[in-house]
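Take a look at the structure set out below.
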Amino acid sequence: AVIMLAGLALCLPRSQPQESHSYVQLLLSLFLLICKHAALRRASAIQSLLFFGFSAFWTILALLLQTPRYGMSSSVAGLFGLVALAGAVLAPLWLRIFSRLAPIHTIRSGVIMVAASFLLMIPFSSLTGLCSGVVLMTTGLQVSLISQQAQVLNAAGSARGRFNTIFMASQF
């Protein structure tokens, strides 16, 4: 870690903050940004709801797999993380396909994928249905996250760090 720190200190460009506000002022300004920018509020709300569904699924997956219907151990739920990697691989491909469209269409497609994943997993709760739903959910979540974060950061101007703080913190 010390070698990495030294390497980063040597290689990263030096930068000075563009604003001279105190840390407390910057924290308070987060609330002003939320009040002032509807696009930031909208993106934060949409992404937090998607992440809520994503978190809820992963929270109950181990319990579901331990029911008599599946009879598996909780460690099998961890293997679903490997299945979710397919969604992380598919998201950039999806974004490339939709890159010519307005960002709102890409965001909507991500939201639709997450909703469709639940609609797929509920009636088809076999392992195949769950795996398909995990891939669809992860892809949709990533597509929406990347698209909305790009949109938020494009609107941020010199407050990119604070916009990103609000956007990312809203998911948790």
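Cα atoms only, the range 16-172: Rg and Dmax in Å?
18.3, 60
For a bin width of 10 Å, list the pair-distance distribution of the range 59-100 built from all Cα-Cα distances, rounded to whole %.
Per 10 Å bin, starting at 0, the Cα pair percentages come out as 27, 33, 21, 17, 3.
Leaving out ligands, DNA and RNA, and with a 1.4 Å probe, what % of the accessible surface on the chain is carbon or sulfur?
Values: 7770 of 10820 Å².
Here carbon and sulfur together make up 72 percent of the probe-accessible area.
The values are calculated or read from the model by the stated rules, or taken from the named source; none is laboratory data. This is a predicted model, so every value here is computed, not measured. Heavy atoms of the whole protein, side chains included, go into the accessibility calculation; ligands, DNA and RNA do not. Shrake-Rupley method; radii C 1.70, N 1.55, O 1.52, S 1.80 Å.
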